[in-house]
Amino acid sequence: MVFLLLRIPAFVSLIVISLAAIHSETTTLDVLKTEAGLVSGTKSDDGSIAIYRGIPFAAPPVGELRWKAPQPVKPWTGVLKADQFGPSPMQGTPAPFSMWSAEFLIPKEPISEDCLYLNVWSGAKTAQEKQPVLLWIYGGGFNSGGTAVPIYDGEAMARKGIVFVSANYRVGPFGFFAHPELTKESPHNASGNYGLMDQIAALQWVKKNIAAFGGDPNNVTIAGQSAGSMSVNCLVASPLSKGLFSKAIAQSGASFGRSMPVLQQAEKDGERVAKNLNATSLKELRALPAGELLKKGQGMRVIIDGYVLPTTVAEIFAAGKQNDVTLLTGWNQDEGLLFGPIKNAADFRKQAEQQYGADAATFLKYYPAGTDAEASQSQLNLSRDQTFGTQNYTWANVQAARNKSKVYVYRFTRKVPATGEYVKYGAFHTGEVPYAYNNLKFVDRPWEQVDRQLAQTMSDFWANFIKSGNPNGKGVPTWPAYTVKDKQIMLLGKQQEAKPLPDQAALDFLFSKMSGSN
């Protein structure tokens, strides 16, 4: 018997069984048939959820496949034992920083270029159930992240009738490196957005294979946070993802009014990196150790490559060429990120006058600086609104104005319970994720009953939306669809209630300056 047609990493083991033991039509979800071969998984502690970790959805992007679109997995014989996460994408060693403790980070190992693996959690008892499917896309600034982060566990959502899928994608210089020679060798005359192509490949895998796991390939939602939310925005805009999903959840991130490099600019950045690495050809670049490339190629991100993204996200939406999907989106109360020194009141006012001129008084009405403490808070609020608020707010307005697919908007306001150095962060960036997917148990915080109740409500909202495109349902407060007239949003805090967006005037002001309309 032939055992395997491709190299399988050490973390995956192989069991050889007789194909006669597999009943393709009535089999339970223990051993399943995918397009590339059979897979087995594990069970939750109570045996009700089938879990498959580390299923390859593309060939390892190493060697000659570094900086190429994801290639098909070669079929294997026997049964692939999918009981461990695949390696996280190549990146630096994770270490807690700022508000993010270890529960928000990938494991320290394994980390590898050979990273294109996905995971599935399913509560379906047979392949005929056709449960709704969620593909989760992680954040990390397009330079870090992975599916093995504890708060991305899918078991709780599987218990709500969702087939939860999470997939790795390439990050940093491995996922977003552009170079003239790469563009030249590409059949699409483009380079750079390999990480987005990985996400699309994962969606294509879902389309072809998820029915075997009890999922409905025609009822797929994509969801992401931070760079994952920006990815969701890009996938909604991309013509390459047409027909692969019908709903989108975007948590704190989009690309309206945000500068994105064009291909030619990104190619020049790639040439600079190559020069710093003393590499004069693609062959030499592809032969470089991953660690060397990682050191010299930091800060790369999504670009306008002319293929995955034909033009800017804003222009695609303005032309009505985006994929028409129902949207749930929002951002957090305290997710302003300041990595430099905070200005005192006098310096902040001076900066406002220099930047906004005659409109400085209006700006300072929304972001006051009467005292140093007030100026400090205003700088955090301004960072929140510029980085996240205006992005997701604009997306909601653009979609609601077209009056086609509905949009639902939230603001996460719960100050995440904490001790020690974490107390000061409040409703911080990423803080909503353990609530939305009912994963508080993975985070070491002094949770209160209100947190457990909020997590139950939020995960019910999310599950309802994934199932039907509407977050409303039994046992949750009424969440009205967002309109440009009423701008009703759901406040997610100690209480969950629908109210008008409290700071829409400030967001309108900022967007007018970003878009140059004033």
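The values are calculated or read from the model by the stated rules, or taken from the named source; none is laboratory data. Bear in mind the structure is a predicted one, so any value in this text is a computation, not a measurement. Glycine also receives a Cβ, built like all others from the backbone with ideal geometry; neighbour counts cover every protein chain displayed. For the accessible areas, the whole protein counts, side chains as well, though only heavy atoms, and no ligand, DNA or RNA atoms are used. Shrake-Rupley method; radii C 1.70, N 1.55, O 1.52, S 1.80 Å.
Only four residue types carry charge here, +1 at the Cβ of Lys and Arg and -1 at the Cβ of Asp and Glu. Report the dipole size of the chain about the Cα centre in Debye, rounded to the nearest 20.
On the way: 51 positive and 44 negative charges, 130 e Å.
With Lys and Arg at +1 and Asp and Glu at -1, about 620 debye.
Counting Lys and Arg as +1 and Asp and Glu as -1, what is the net charge of the other residues whose Cβ lies under 11 Å from the Cβ of Lys494?
Net charge around Lys494: -1.
Go through Ser101, Leu118, Gln333 and say which Cα lies farthest out towards the positive end of the charge dipole of the chain; charges sit on Cβ, +1 for Lys and Arg, -1 for Asp and Glu.
Positive-end residue among those listed: Leu118.
What residues qualify as long-range amide H neighbours of Ile137, i.e. H under 5 Å apart, gap of 5 or more or another chain, H built at 1.01 Å from N?
Ala223, Gly224, Gln225
How large a share of the accessible area of the chain, in percent, is made up of carbon and sulfur atoms when the probe is 1.4 Å and the other protein chains stay in place?
Exposed carbon and sulfur together represent 52 percent of the surface.
Kindly flag which residue pairs out of Lys441/Lys494; Lys33/Lys160; Lys81/Lys247 have an alpha-carbon separation exceeding 26 Å in this structure. Don't skip to the end; give the middle numbers.
On the way: Lys441/Lys494 19 Å; Lys33/Lys160 24 Å; Lys81/Lys247 31 Å.
Result: Lys81/Lys247 exceed 26 Å.
Taking amide hydrogens as modeled 1.01 Å from N in the peptide plane, which residues meet the under 5 Å criterion relative to Gln131, leaving out close sequence neighbours?
Here the answer is Gly215, Asp216, since their amide H atoms fall under 5 Å of that of Gln131.
Can you work out the PRE-style zone for Gln355? Point 7 Å along Cα to Cβ, and I want the residues of region 377-414 with backbone N under 12 Å.
378-387
Using a 7 Å offset from the Cα along the Cα-to-Cβ direction at both Gln488 and Glu35, what is the distance between the two label points in nm, to one decimal?
4.2 nm
Placing unit charges on C-beta atoms (Lys and Arg positive, Asp and Glu negative, everything else neutral), compute the dipole magnitude of region 121-230 about its Cα centre in debye, rounded to 20.
In total the dipole reaches around 260 debye.
Suppose only helical runs count, i.e. DSSP H with n ≥ 4. What mean residue ellipticity at 222 nm does that imply for the chain under -39500 (n - 2.57) per run, divided by all residues and rounded to the nearest 500 deg cm²/dmol?
Rounded to the nearest 500, the figure is -8500 deg cm²/dmol.
Please list, or write none, the lysines whose alpha carbon is within less than 26 Å of the alpha carbon of Lys365, excluding same-chain residues fewer than 8 places away.
The qualifying lysines are Lys343, Lys350, Lys415, Lys424, Lys485, Lys487, Lys499, Lys513.
Compute the separation of the alpha-carbon centres of region 266-313 and region 59-119 and state it in Å as a whole number.
Using only Cα atoms, the two centres lie 20 Å from each other.
Enter the Cα centre distance for the pair region 392-414 and region 324-390, rounded to the nearest angstrom.
21 Å
Please calculate how many Å² of accessible area the chain carries per residue, with a 1.4 Å probe and no DNA, RNA or ligand atoms counted.
41 Å²
Based on the alpha carbon coordinates of region 116-169, what radius of gyration and maximum Cα-Cα distance (Dmax) apply, in Å?
Radius of gyration, then largest Cα-Cα span, for region 116-169: 12.0, 39 Å.
If you average 1/r over all unlike Cα pairs in region 363-518 and invert the result, what Kirkwood radius do you get in angstrom?
Evaluated on region 363-518, it is 17.1 Å.
What's the center-to-center distance, using Cα atoms, between region 472-512 and region 125-184 in Å?
28 Å
Find the Rg to Rh ratio for the chain, where Rh is the Kirkwood radius over alpha-carbon pairs and Rg uses the same atoms. Each step should come with its number before you reach the end.
Details: Rg = 23.0 Å, Rh = 23.8 Å.
With Rg and the Kirkwood Rh in hand, the quotient comes to 0.97.
At a Förster distance of 51 Å, what's the computed FRET efficiency of Ala481 paired with Lys295, Cβ-Cβ distance as r, to 0.05? Present the calculation step by step, with values, prior to reporting the outcome.
On the way: r = 48 Å, r/R0 = 0.94.
It comes out at approximately 0.60.
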